[in-house]
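Undergrad: Quick one: this structure, given as structure tokens, is what I'll be asking you about.
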Amino acid sequence: MREGRSGDSAEHEHELRGSRVSFSNLSISRKLGLAFFAVVATIILMCATMVWNLQRLEQAVEAEATASRSIDTITNAQFRLSRQENSFRGFLLSNDAYYIERLASHRAAFDEQLNNLREWQRGHDNEAEMVARIDAAQAAMSAWQAEIVDAGVILARDPITRFRAIELVGQSGKADGLIAPIEESMDAMQADERAEVAEAVAIRNAAEALTETVLYLGLLGAVLISIVLGYLLSRSIARPVSALTSVMGRLASGENSVEVPAVSRKDEIGEMARAVLVFKEAAIEKLRLEGRTEEERSLSEAERARNESEKARVAEEDHVAISSLADGLSALASGDLTYRITAPFAPKTQKLKDDFNRTADQLEETMSTISGAIGGMRSGTSEVSQAADD
């Protein structure tokens, strides 16, 4: 089991190492492409999130505006409702048909406000509930119109029954009972719309906060990604290039023992490193050839020096031989038959020395013999001459 675990861990470590090395082995264009893709992907993600959030914000703003408009419409309808009641009371007080006309005008405005509210509720989640309340309010309003206004107008025409028309709007009259459901429906609709406004405001505030958060996080993420990518690109491109530049400078200065980095890489940096390695090997080979040439040149110089030395020695020996022979011949020519060459001769001219000295010996011996014979002849001639004188 331990061996299996160690094998798995070793394989996992090898995979991790391969994944780490793979980025450095990518070409520079792919490294830059990946870096650009990472930055663009971050920007796209940030923009997509912001667009989605802006849509939420727009929907929230639109919902808030619609709810606020609905609240204004309900408020206007409530105002028209109260104006109808006031107009009917004005009629009861003055028995003037003008107020009935005003009441009809306010009723038309009331129905218009509720119809607008009905139209604006199309497509809303609470459309059915709001339409039911609107229908209930209009139905109750029609009941109030029939049972209070129309009946009150008839009763008010007769002075005898006029008091009964006034009783309809009194504390014990049924007018308030008919108006109450309308007011309750209006209040409930207004409460719903205010709740919708509050929800829309909450969504809007959340969307604005999320937009701000996404913006800051996106900027922070872009900065962090730029820092990480800058670090990775610096490690995988800038540092190796700087190292290769330093190595090339050292190679140019003659330091051929320097180690060339990044030779095993598979990208352009590796190609540059292998090219630098070729320059290094070429420089080493050049030095080797120059050393060999220098050695051969040194050998040639030594040989030439030996030849020159030999020539000088031979010339000196020849000079000694020639000078000695010249001096010997000069001595013999001057009559010095005792002169012998004593200077050391080279082996090749030793025979000349020996021949000269032997010739000088023979010449001296011959001259001695001749001199002795001449002396004897002179002595004999003297004796013959003396005998002749005698």
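Each value in this text was obtained by applying a stated rule to the coordinates, not by laboratory testing. For clarity, every value in this text was computed on a predicted model and none was experimentally measured. Virtual Cβ from ideal backbone geometry, glycine too; neighbours counted across all protein chains shown.
Undergrad: With each label point set 7 Å from Cα along the Cα-Cβ vector, what nm distance links Arg274 and Lys348?
TA: 6.3 nm
Undergrad: Continuing with the same structure: Would you mind getting me the FRET efficiency between Trp52 and Leu32? Use the beta-carbon distance for r and R0 = 25 Å, nearest 0.05.
TA: Numbers: r = 30 Å, r/R0 = 1.21.
After rounding, the FRET efficiency stands at 0.25.
Undergrad: Please find the FRET efficiency linking Ala143 to Ala65, where r is the Cβ-Cβ separation and R0 is fixed at 45 Å, and quote it to the nearest 0.05.
TA: On the way: r = 34 Å, r/R0 = 0.75.
E between Ala143 and Ala65, to the nearest 0.05, is 0.85.
Undergrad: Among 146-159, 101-114, what's the highest-first ranking by average C-beta atoms within 10 angstrom per residue? Show your work: numbers first, answer last.
TA: Working: 146-159: 15.6, 101-114: 17.6.
Packing order, densest peptide first, comes out as 101-114, 146-159.
Undergrad: Something else: Given the Cα-Cα distance of Asn256 and Ala331 and 0.36 nm per residue of separation, how much length would full extension add, in nm?
TA: Values: separation 75, 0.36 × 75 = 27.00 nm, distance 7.12 nm.
Contour length minus Cα-Cα distance gives 19.9 nm.
Undergrad: Next question, about the same structure. Report the extension gain between Asn86 and Glu129 in nm, rounded to one decimal, defined as 0.36 nm multiplied by the number of residues separating them, less their alpha carbon distance.
TA: Details: separation 43, 0.36 × 43 = 15.48 nm, distance 2.96 nm.
Going from the current span to full extension adds 12.5 nm.
Undergrad: For Ser94 and Ile225 in one chain, what is 0.36 nm times their gap in residues minus the Cα-Cα distance, to one decimal in nm? Intermediate results must be reported in sequence, preceding the final value.
TA: On the way: separation 131, 0.36 × 131 = 47.16 nm, distance 8.24 nm.
Fully extending the segment from Ser94 to Ile225 adds 38.9 nm.
Undergrad: On to the next question. Please work out the C-alpha center-to-center distance from region 30-85 to region 183-225 and express it in whole Å.
TA: Answer, in whole Å: 8.
Undergrad: Any idea what log10 I(q)/I(0) is at q = 0.11, 0.12, 0.21 Å⁻¹ for region 125-252, Debye with uniform C-alpha scatterers and no solvent?
TA: Results for region 125-252 at q = 0.11, 0.12, 0.21 Å⁻¹ read -0.70, -0.75, -1.12.
Undergrad: Give the calculated FRET efficiency between Glu184 and Leu217 to the nearest 0.05, with a Förster radius of 41 Å applied to their Cβ-Cβ distance.
TA: 0.30
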